[in-house]
């Protein structure tokens, strides 16, 4: 009933706004429609498969949505999340052409974000790095990132986020949104306009708070962004600093068996401390777990992720001569992070509360400083560019336990904790990154452009034990020559072909969790230290682009990737137990695929976008006695279909978008699978055309998962295993997240 009323209300709102707008259509509204509708840019003239998402697409998304959610429409992109906004980091997953998130590269205004994974040791997620309202163009390179991208994880593609520049006129933007799960988001930005000396800047603040869509708990964040652009002679000095404070209660990780027994809404029982204690006491006493649960991992009391970040940079762009230009940037980032889990496996000592449950944390402290510099020289038909990236990263990581009270917890999971009763381990890691690149873009003929170059990578990782089992030592990644070459040939004024080849390496990471060489014992590290090789890839792609006036744009590309020295991590036990993982080289992966995408402005004010991707990623080798050869790579759907129907006449705007993906596997032997699914999102809005209070005023509605589809979204939240099959029964490995049901949001924006 609720869904039917919601959809009926949406339909009535669309009809109401439509009838009002058609009755007062402004003469010049449609004239700007082509500009308004241009939300996907297909990379004309590029030597690689590249698309860009414009701020228009961010604007019509759900308020507060992660930019990752918006780029999901691009070909080859597999995006998953457990919330309507794509901001809940534990469950956000993105893979491109069979490469997982930790094998991609991400930057914001050229500042490296690491691999944006949960518990990132060398960066932060884009949803914390900047408010979505302050983003400009977002560029996706599916297969080969540019040589100057500051990343040592991009075996596959890269995602480059660029913040908007301050306006030249004083003013600002204010917006407020309200929606399902009592979600409230408020955003405000003040623009200085051009001040004495020619500089201009902005300062913004946003606050978002909402309840989880199932279970009990909250997810909230506040952010402040500041940016200032100052002319310096003929050059420009840009400084920005962003602050984020985010806290989010977790959703329970599910298994196929749990979904079959309890449904998709099974979640932590943070509203029932008595039951949580009973489950823990029964497990510790070796007696039966209280019905209807059968293991202590079926449900936990609570869990959360807490993060505070400050990141910023200063960049100088200066033309030294007519032919020689300089870019020089220094940046810094500090993160304080804590992931909490209330565990039934460790009881609280009597002196600290006496509960059969304790709060287990993984604590993070990142302190990075770096510089990204380059020189570009134009010599006839050549543009020669070279640069250097250096970063020093100190990363502290600890596993601690905090006491909970016998009658009430006395602590909440979504806060930073103090006074632990036990520190299981604490390590200090240092990572030094040195990357040099040199490239030449040569306009060989009027219609032929060639780009070629290489980069050199050296990453030094060091571990020092502060508490716990000793894991001391160093390991490094060193590749002196990683070549890249590409071409673009203009067939006609409206069509072109392109192709490229690149070799890349993924450096080892410094952590005691995940797929790090230090996530083991001292004996284990000593064994692998001299034999472990970093992952590398050789990627080839060939493509075609067409641009027919402002009516039709399209791209088609085929690719082949050979992935070497794959590192495999096998998870042992449930994630909350925190068991050591095993890391080893297990062979290669071969990936073949093709993708097409296009936008058709088929009639005035209307456009249709669509993309189809076919990807076949398979393991090349068996692992020990496991017959993994020929099996499909985990979390790599074979087929992806994206579609979007858009309308924009300058006053009324809206889009209906669909997303289909085929089945995915979460076990290396492919006996654990989740079925394919298709979901739809709807956005619609109205721009007021009058003066006074109506000037630059917009109202917008968004509906996510329009038809309330029940499905498994993210997989691999607790890693992957070889097999999850027991005599034909449904899998019991808890590494799945349920997709969020239908959610409705209404927002109002006004510029001033």
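Quick note: the coordinates plus some simple rules give every number you see, no bench work behind them. The structure presented is a predicted model; accordingly, all values stated were derived computationally and were not measured. Cβ sites come from the backbone with ideal geometry, for glycine too, and all protein chains shown count toward neighbours.
Before moving on, here are some points about what is shown:
- For segment 121-189, convex hull volume per residue from C-alpha positions, Å³: 149 Å³
- The C-alpha atoms of segment 403-530 occupy a region whose extents along the principal axes are 76, 40, 19 Å, arranged from largest to smallest.
- Cα pair count fraction exceeding 46 Å, expressed as % - the chain: 19 percent
- Across segment 467-617, Cα pairs under 8 Å and at least six residues apart give a relative contact order of 18 percent.
- Separation between Cα centres of segment 282-348 and segment 95-153, rounded to whole Å: 16 Å
- Given R0 = 22 Å, the distance between the Cβ atoms of residue 656 and residue 604 translates into a calculated FRET efficiency of 0.75.
- Cα-based shape type of segment 99-252, given that a ≥ b ≥ c are square roots of the gyration tensor eigenvalues and the cut on a/c is 1.5: oblate
- Taking the fewest neighbouring Cβ atoms within 10 Å as the starting point, the ordered list for 699, 279 is 699, 279.
- Convex hull of segment 161-238 built on C-alpha atoms - directionally averaged projected area, nm²: 6.4 nm²
- Prolate/oblate/rounded call for segment 286-384, Cα gyration tensor, a/c under 1.5 rounded: prolate
- Measure of compaction for segment 461-609 (Cα Rg per 2.2 N^0.38 Å): 1.55
- Once both labels are positioned 7 Å from their Cα atoms along Cα-to-Cβ, the gap between residue 693 and residue 625 label points is 7.6 nm.
- Estimated inter-spin distance, residue 445 and residue 526, nm [label 7 Å along Cα→Cβ]: 6.3 nm
- Across the chain, Cα pairs under 8 Å and at least six residues apart give a relative contact order of 12 percent.
- Hypothetical label at residue 478: residues of segment 418-436 whose amide nitrogen lies under 20 Å (7 Å Cα-Cβ projection): 430-436
- Ranked list, fewest to most other Cβ atoms within 10 Å of each Cβ, for 565, 414: 565, 414
- Part-to-part distance (alpha-carbon centres) for segment 401-442 and segment 209-229, which is given in Å: 20 Å
- Taking 0.36 nm per residue of separation and subtracting the current Cα-Cα distance, fully stretching the chain between residue 241 and residue 291 would add 12.9 nm.
- Bins of 5 Å from zero: percent of alpha-carbon pairs in segment 386-477: 3, 10, 13, 11, 10, 10, 9, 8, 6, 6, 5, 4, 3, 2, 1, 0
- Length gained when the stretch residue 412-residue 497 is fully extended (0.36 nm per residue, less Cα-Cα span): 24.9 nm
- Whole-angstrom gap from segment 625-664 to segment 684-752, using each part's C-alpha centre: 14 Å
- Going from the fewest other Cβ atoms within 10 Å to the most, the residues 567, 736 appear in the order 567, 736.
- Where only DSSP H runs of four or more residues are counted, the chain gives -2500 deg cm²/dmol as its mean residue ellipticity at 222 nm, each run worth -39500 (n - 2.57).
- Contact order normalised by residue count of segment 627-745, Cα under 8 Å, 6+ apart, percent: 22 percent
- Ordering of 268-277, 622-631 by burial proxy (mean other Cβ atoms within 10 Å per residue, highest first): 268-277, 622-631
- Computed over Cα pairs, the Kirkwood radius of segment 588-717 leads via Stokes-Einstein (0.890 mPa s, 25 °C) to a diffusion coefficient of 138 µm² per second.
- Per the Cα gyration tensor, segment 500-568 maps to an equivalent ellipsoid with semi-axes of 41, 13, 7 Å, ordered largest to smallest.
- Cα principal axis extents for segment 79-128, largest first, Å: 28, 25, 19
- Extension gain from residue 271 to residue 677, taking 0.36 nm per residue of separation minus the Cα-Cα distance: 143.0 nm
- Cα pair distances in segment 372-426, grouped into 5 Å bins until the bin that holds the longest one, percent each: 4, 12, 13, 12, 8, 6, 5, 6, 6, 6, 7, 6, 4, 3, 1, 0
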